[in-house]
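Here the structure comes first, spelled out in structure tokens, and everything after it is commentary.
Here, each number is a calculation from the coordinates, and none is a lab measurement. Keep in mind that this is a model prediction, so the values were computed, not measured. All Cβ positions, glycine included, derive from the backbone under ideal geometry; neighbour counts span all protein chains shown.
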Amino acid sequence: MLDAPSRLRLQKMGIELWSSRSSSAATAPASIPDAPSQPRPALAAPRIRLGAGSGPWLLIIDEASAGRERLLLEDIRATIGAAQCRFGQWSDSPDSGVGADDWLDHGIKHVLVLGGPAVVHRCVINAPALADLAGSADLRRQLWLQMKKAMGA
């Protein structure tokens, strides 16, 4: 399993990364977009395409870029524990990905959404985009408190 910086480097070189089907998680391209996507409406019945990994934390990132935001993403992963988190993407199709009702069956206890559409679900922590978090100590403090609460600390 590649770490986030390695994935970003491969993506910038135009190399698409795919997960092996032998993994217990569903297969999906493991990429992190590095340009902001267009805002999407709130997801009524969220479905997630899972990347490789088996940690209970799933990170969905609307945008990620080099520099300060990448370091912030690494801090978030370090806080959770790199082995405890994996990446995923929202699925736009009702036929692909894992529905919210099945997240626990796939070992997903917490979904941290960094930017993008807001989702109302007991497992989801909706957070601002990485660029907004990087620019605001108050937003970062609020996120750490939400994560701490979710971790039961």
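Tally Lys/Arg at +1 and Asp/Glu at -1 over every other residue whose Cβ is under 11 Å from the Cβ of R140; what's the total?
Cβ neighbours under 11 Å give a net charge of -2.
Considering Cα pairs under 8 angstrom that are at least six residues apart, work out the relative contact order of the range 95-153 and quote it in whole percent.
Answer for the range 95-153 is 23 percent.
Per 0.36 nm of contour for each residue apart, how much would the distance between S54 and K148 grow if the chain were fully extended, relative to their Cα-Cα spacing?
31.8 nm
Could you give me D for the range 72-153, from Stokes-Einstein at 20 °C and 1.002 mPa s, where the hydrodynamic radius is the Kirkwood radius over C-alpha pairs? Units µm² s⁻¹, please.
Translational D for this selection: 155 µm²/s.
Given 0.36 nm per residue, what is the gain on full extension from L104 to Q84 after removing their alpha carbon distance, in nm?
Answer, rounded to one decimal: 5.8 nm.
Work out, step by step, the length gained on full extension between R122 and E74: first 0.36 nm times the residue separation, then minus their alpha carbon distance; give nm to one decimal.
This chain segment gains 14.8 nm when fully extended.
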